[in-house]
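The values are calculated or read from the model by the stated rules, or taken from the named source; none is laboratory data. None of these values were measured; they are calculated from a predicted model. Here the Cβ positions follow ideal geometry from the backbone for every residue, glycine too, while neighbour counts run over all protein chains shown. The accessibility values were calculated without ligands, DNA or RNA, using every heavy atom of the protein model including side chains. Shrake-Rupley method; radii C 1.70, N 1.55, O 1.52, S 1.80 Å.
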Amino acid sequence: MTKQILKVGIIGCGNMGLVSNLKVKSILPKIYSPLSHAEAVNIHPNLILVGLCDTSDLALKNAKKIYPQVPTFKDPEKFFKEISLDIVCIATRTPERFKLIKLCLKNGIKLMHLEKPLCNSLIQLKEISKLIKKNNAHCTFGTLRRYLSTYKTAINFLKEGMIGELKE
């Protein structure tokens, strides 16, 4: 049986999408790695990074330094038209995600990994849910860490007043 290699594109080339903060990475336990979507794609034997998209010229310049062989795009419409993708990771700020999820589905993307929160309202969430079902698509989103013992312990400390008040 031959392995199927899935082609992955990333929209959002900041910390979560592409470039993990080395200082943060150096102090976290190994279980937290990989931190960015690109790192996760690169360590998986059945995935290949084939395209990067961001509206920021600086983010794309940095992306080209790290992945010079991977095409970069500023316009998501052009990204979908010029690259054949199996999976799209969306690691943008929340306000852009709703439109980008709809754009993925419009372009036939059936597999998405999305950063949280998925959108800005319950109305948007309901529409995303309907569109995902209608298009027979599948999504995962970044919530794993909340189930790790470190986070559970920190939440308990906070609830017990051992940390102090949470401030924005």
- Among the residues of the stretch 114-123, which ones are in contact with a helix residue (DSSP H, G or I) (Cβ under 7 Å, 6 or more places away or on another chain) and under 18 Å from residue 17 (Cα atoms)? 114, 117, 118, 119
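So how many residues does the stretch 110-126 have that are more than 20 Å from residue 42 (Cα to Cα) and surrounded by 15 or more Cβ atoms within 10 Å (Cβ to Cβ)?
Of the residues in the stretch 110-126, 4 are more than 20 Å from residue 42 (Cα to Cα) and surrounded by 15 or more Cβ atoms within 10 Å (Cβ to Cβ).
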- Message: Return the residues of the stretch 134-167 that are within 24 Å of the chain's Cα centre (by Cα) and at pLDDT below 70; say none if nothing qualifies.
- Response: 143, 144, 145, 146, 147, 148, 150, 151
- Item | the stretch 28-44, subset assigned to a helix (DSSP H, G or I) and at pLDDT 70 or above, residue surrounded by the most Cβ atoms within 10 Å (Cβ to Cβ) | 37
- Note on the structure: By residue number, the members of the stretch 57-76 that are outside any helix (DSSP H, G or I) and open to solvent by less than 60 Å² (accessible area, probe 1.4 Å) are 67, 70, 71, 72, 73
- Task: Evaluate the following for residue 91: is it open to solvent by less than 40 Å² (accessible area, probe 1.4 Å), modelled with pLDDT under 95 and in contact with a Ser or Thr (Cβ under 6 Å, 6 or more places away or on another chain)?
- Result: no
- Selection over the stretch 86-109 where residues are assigned to a loop (DSSP other than H, G, I, E, B) and under 15 Å from the mean Cα position of the chain (by Cα) yields a count of 5
